[in-house]
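The values are calculated or read from the model by the stated rules, or taken from the named source; none is laboratory data. Not measured: the values here are computed from a predicted model. Backbone-built Cβ (ideal geometry, glycine too); neighbour counts: all protein chains shown. SASA here: full protein model, heavy atoms, side chains in, ligands and nucleic acids out. Shrake-Rupley method; radii C 1.70, N 1.55, O 1.52, S 1.80 Å.
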Amino acid sequence: MKVSIIVPVYNVEKYLKRCLDSLISQTLKDIEIICVNDGSKDNSDKILEEYARKDSRIIIINQENQGISVARNNGMDIAKGKYVGFVDSDDWVDSDFFEKLYNAAEKNNAQMAVCSIIRLNEYRSKKYLTLKNETVTEDFKEKCLILDIPQKCYVWNKIYLKEALDKHQIRFKKGVFYEDLYFVPIALENLKKIVTVPDINYYYWKNKNSIVFQKSEKHTKDYTEAKQFASELLRTHGLHVGEQKIKFLGVTIFKEIKKINRIIYIFFNIIRFSRNV
């Protein structure tokens with residue numbers, strides 16, 4: 001088995017077929033598609049069963065609702081692929097997505113292969129992360145620069161060497177939102193060599209009903225703590241990043257985003273300029 005694709009599923013009947021269609025049509029055939037039904041209350045389970053009858057590579061895990069971290073961890077625990085990839089159930093990928101990531105990782109003996117991201121909603125699409133060239137590096141700062149860490153700590157535009165994840169006991173933190181902000185920096189720190197892969201995309205659907213876009217005290221607390229964790233891990237490597245805001249009557253009127261190589265200033269979410277550091 002070359003790649004295990006782990007798909008956490010929770011109440012996504014509207015989008016699930018689009019996601020699964022992009023996976024069963026992959027040009028890389030030696031894959032398994034592990035779908036973890038995290039206690040869905042809609043027709044997601046019926047859609048999974050329908051597709052599993054059509055394609056024997058689809059494996060279904062049913063669990064009580066425990067959150068996306070537990071769903072992904074349970075998928076990783078049974079994964080048989082040399083590499084592991086993650087696709088959220090409202091997103092999709094190019095048909096040669098996993099073939100190109102796998103081939104690039106194998107060719108370069110890399111523990112992680114990464115590609116571009118296109119973010120979409122009902123009205124528009126935009127390149128969210130653009131990787132135009134094949135770059136191979138083991139340098140932590142260069143990895144973070146290329147992938148715009150911690151601003152774009154996304155787990156799903158990558159494949160990871162399963163043996164390395166297991167060796168370093170890298171799993172998703174349970175019971176929190178923004179779990180990618182823990183997983184990705186730790187993976188970049190421990191999976192030494194990465195390769196960037198041009199000409200393929202992960203399509204990130206900005207679903208307004210997604211859990212990550214819900215607002216609550218826990219969301220705010222988890223985001224603050226996860227961002228702090230990622231920033232502190234980068235600081236141990238001599239990389240100083242962070243974000244500061246000035247608010248007036250609850251409205252952000254000024255924001256300073258300190259990235260690895262530049263500082264961005266944003267006024268009233270309209271006027272924007274930056275300087276190199």
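One table, with the values for the structure above:
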{"read-out": "Residue check, residue 72 open to solvent by 50 Å² or more (accessible area, probe 1.4 Å) and either at pLDDT 95 or above or more than 27 Å from residue 176 (Cα to Cα) (or both)", "value": "no"}
{"read-out": "Per-region count, segment 103-124, residues touching a residue at least 12 places away in the same chain (Cβ under 8 Å) and either farther than 20 Å from residue 160 by Cα or in contact with a Ser or Thr (Cβ under 6 Å, 6 or more places away or on another chain) (or both)", "value": "6"}
{"read-out": "Top-ranked residue in segment 141-152 [being open to solvent by less than 20 Å² (accessible area, probe 1.4 Å) and outside any loop (DSSP other than H, G, I, E, B); ranked as nearest to residue 202 (Cα to Cα)]", "value": "147"}
{"read-out": "Condition check for residue 128: closer than 27 Å to residue 21 by Cβ, open to solvent by 10 Å² or more (accessible area, probe 1.4 Å), at pLDDT 95 or above and out of contact with any Pro (no Cβ under 9 Å at 6 or more places or on another chain)", "value": "no"}
{"read-out": "Scan of segment 212-267 for residues that are aromatic (Phe, Trp, Tyr) and either closer than 18 Å to residue 154 by Cβ or in contact with a strand residue (DSSP E or B) (Cβ under 6 Å, 6 or more places away or on another chain) (or both), ordered by number", "value": "213, 223, 229, 254, 265, 267"}
{"read-out": "Test for residue 99: is it in contact with a Ser or Thr (Cβ under 7 Å, 6 or more places away or on another chain) and in a helix (DSSP H, G or I)", "value": "yes"}
{"read-out": "Single unsatisfied condition, residue 105 versus (1) crowded, with 23+ Cβ neighbours inside 10 Å; (2) in a loop (DSSP other than H, G, I, E, B); (3) not polar (S, T, N, Q)", "value": "(2)"}
{"read-out": "Number of the exception - residue 136 against (1) buried (at least 18 other Cβ atoms within 10 Å of the Cβ); (2) over 22 Å from residue 262 (Cα atoms); (3) among the β-branched types (Val, Ile, Thr)", "value": "(1)"}
{"read-out": "Residue in segment 17-27 that is small (Gly, Ala, Ser), modelled with pLDDT of 95 or more, over 18 Å from residue 170 (Cβ atoms) and assigned to a loop (DSSP other than H, G, I, E, B) present", "value": "yes"}
